[in-house]
Amino acid sequence: MLPTLEAAELPADAIEVGRIADAWGIKGWFKVLPHSAQPEALFSSKRWFIQPSGPVHAKPQTGAFRLAIREAKEHSDCIVASSPDVPDRNAAEALRGARVFVPRSSFPSAGEDEYYWVDLLGLAVVNREGVTLGVVRELLSGGSQTTLVLEAEEDGKPVERMVPFVGAFVDKVDLAGRLITVDWQADY
């Protein structure tokens with residue numbers, strides 16, 4: 001049975017940070033598969049917003065719900081969490097597949113020269129000569145480094161570029177100006 005949750009609008013700065021995978025134990029805990037290898041946003045916020053992914057019972061649920069978080073902690077390759085709104089295993093199972101959102105304003109502050117991926121998406125990328133290389137469409141994690149995947153258009157055709165997001169190539173990230181300056185050429 002779906003727990004009684006407070007219906008809520010997603011905040012304007014809501015970021016999807018994971019999905020509820022399943023119940024965990026018999027006391028209402030549930031597993032969350034985070035979208036990030038460093039899921040600090042799940043730990044820093046005591047208020048999550050969830051959106052069911054499809055039918056929870058006979059008819060599909062739409063909209064979002066506010067979910068108070070009592071505790072969230074790492075467990076193996078996932079996060080486990082509990083909520084006063086989810087009293088038992090049956091209620092936790094009813095959340096299976098729900099998308100988890102956290103307001104961006106609840107994220108912990110990033111350190112110097114640290115950036116949340118979500119903040120880099122959509123930023124323009126130019127090289128030292130001022131040549132526009134594209135806009136950040138996504139980021140790829142390759143273990144030892146992250147790579148910016150850029151989307152551009154040249155001669156009316158879409159072009160994809162990849163730039164390693166490391167200090168050797170990234171000169172400056174200006175979040176307010178929505179611009180990344182890199183030591184990279186268009187023909188690399």
Checked the range 146-184 for anything of a type outside the set (A, V, I, L, M, F, W, C), at pLDDT 95 or above and not in a strand (DSSP E or B); matches are G177, R178, D183
Of (1) surrounded by 17 or more Cβ atoms within 10 Å (Cβ to Cβ); (2) in contact (Cβ under 8 Å) with a residue 24 or more places away in the chain; (3) part of a strand (DSSP E or B), D85 satisfies every one except (3)
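Quick one: count up the residues across the range 88-103 that are assigned to a loop (DSSP other than H, G, I, E, B), in contact with a Gly (Cβ under 7 Å, 6 or more places away or on another chain) and either of a type outside the set (D, E, K, R) or free of Cβ contacts under 8 Å to residues at least 40 places away in the same chain (or both).
Residues that pass the stated criteria total 1.
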Considering the range 118-145, residues that are in a strand (DSSP E or B), free of Cβ contacts under 8 Å to residues at least 24 places away in the same chain and not charged (D, E, K, R), and then whichever is surrounded by the most Cβ atoms within 10 Å (Cβ to Cβ), we arrive at V135
Practice prompt. Say whether the condition of being touching a strand residue (DSSP E or B) at 6+ places or on another chain (Cβ under 9 Å), part of a loop (DSSP other than H, G, I, E, B) and farther than 20 Å from H35 by Cα is met by at least one residue in the range 104-114.
Written response: yes
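The values are calculated or read from the model by the stated rules, or taken from the named source; none is laboratory data. Predicted model, so just to flag it, every value in this text is computed and none were measured. Neighbour counts run over all protein chains shown; Cβ positions are idealised from the backbone, glycine included.
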